[in-house]
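All remarks here apply to the structure that follows.
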Amino acid sequence: MIRILKLLLVNLICVISLNGQTHTTSIDFDSLGKQIELHQKDLGDLQSLIIKNSTGDVIKTISIDKEYDPYHFKDFYQGQRNFAIIGGRYKFYIVNVSNNKLIGPFSACCRIEAEDAQTGVLYAYKIIKDGQYLLVNALDNGLTCFSLLDLYNPKEVDFFKLDSIYFKGNYVFIDKRKENIFNGISAECGNYNKEIDYKVLFHGCRFEIDSSEKLKYMISDKKLLTLKQIVSDSIVKDFWVDLESGLIINGKE
């Protein structure tokens, strides 16, 4: 159902000119009375982001750095905030449609040495949790989760993983929101998959932190992440996440 709604919201256009190829893609933000368009004439040429009002008048035109692979709209969010993700080969931008700002570029983290030109290519994107997080999958380097609370300064979220084979398997991302309050997300994406599977494991849970205000944890049995959950001022209990399945479990296996 969500995918059908997105298809209805996204207006995708490809225009072929006799003088060369001009590629145009667009997204309508009806609640703001705006449309954002990406224009590129021939591969490798300078691209432009054009923001229009509901009558088609141009509000703003922004040039985007050259990159051989054309940029595309990868995902977008409409709600309390309104923004879209523009993805290229190794970097992405955020368009804040509310104030007509282009933010970035940003890159996913590099975890291994490049094996070829494909290593590090950004392949899949997903905005989740009401626009609070962005999941990005990079070939060979696996998943990165960005907190988007501040659109101008996306923050990489700490993760736990069963092994160092980054291009497959579950990631457990745990984001410290404030003091000892945390959100947890489990996500998985194969190397060349276009879809990212994810689950919100917990939201607003209180856990013990150490003297450096870092999350206290222990990894045991090679796959069990143990946290200390603060249930009340006087009660602390073990909280387990299976790193292999990316699920919360009620007790040790």
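What follows draws every value from the coordinates through simple rules; no lab data is involved. Since we're looking at a predicted model, the values are computed, not measured. All Cβ positions, glycine included, derive from the backbone under ideal geometry; neighbour counts span all protein chains shown.
Longer than 27 Å from Cα to Cα, which of Lys66/Lys101; Lys168/Lys223; Lys60/Lys199; Lys161/Lys214; Lys74/Lys228 are they? Say none if no pair is.
On the way: Lys66/Lys101 18 Å; Lys168/Lys223 15 Å; Lys60/Lys199 37 Å; Lys161/Lys214 18 Å; Lys74/Lys228 37 Å.
From the list (Lys66/Lys101; Lys168/Lys223; Lys60/Lys199; Lys161/Lys214; Lys74/Lys228), the Cα-Cα distance tops 27 Å for Lys60/Lys199; Lys74/Lys228.
From the phi angles alone, apply the Karplus equation (6.51, -1.76, 1.60; θ = phi - 60°) to segment 232-248 and give each ³J(HN,Hα) in whole Hz, x where the residue is Gly or Pro.
Values per residue, Gly and Pro as x: 8, 4, 10, 10, 10, 9, 5, 10, 10, 10, 7, 5, 6, 8, x, 10, 6 Hz.
Can you show me the helix-derived [θ] at 222 nm for the chain, built from DSSP H runs with n ≥ 4 at -39,500 (n - 2.57) apiece and divided by the number of residues, rounded to the nearest 500.
On the way: 1 runs with 8 residues, N = 253.
Helix-only estimate at 222 nm: -1000 deg cm²/dmol.
Give me the one-decimal nm value for the distance between modelled label points at Leu32 and Asn180, 7 Å along each residue's Cα-to-Cβ direction.
That separation, rounded to one decimal, is 4.0 nm.
Which cross-chain or sequence-distant (5 or more) residues have an amide H under 5 Å from the amide H of Lys101, H modelled 1.01 Å from N in plane?
Asn96
Between Asp75 and residues 5 or more places away or on another chain, which pairs have amide H atoms under 5 Å apart, with H built 1.01 Å from N, and which residues are they?
Ile85
Taking each pair of different alpha-carbon atoms in segment 64-171 once, compute 1/r for the pair, average those values, and report the inverse of that mean as the Kirkwood hydrodynamic radius in Å to one decimal.
Working: mean 1/r = 0.0695 Å⁻¹.
Radius from the Kirkwood sum: 14.4 Å.
Gain in length, Ile248 to Ile209, computed as 0.36 nm per residue apart minus the alpha-carbon separation, to one decimal in nm?
Computed gain between Ile248 and Ile209 is 12.1 nm.
Place a point 7 Å from the Cα of Asp158 along the Cα-to-Cβ direction; which residues of segment 211-253 have their backbone N under 11 Å from it?
Answer for segment 211-253: 211-218.
Pull out the extension gain between Ile165 and Tyr90, defined as 0.36 nm times the separation in residues minus the alpha carbon to alpha carbon distance; nm, one decimal.
Working: separation 75, 0.36 × 75 = 27.00 nm, distance 2.02 nm.
Taking Ile165 through Tyr90 to full extension adds about 25.0 nm, to one decimal.
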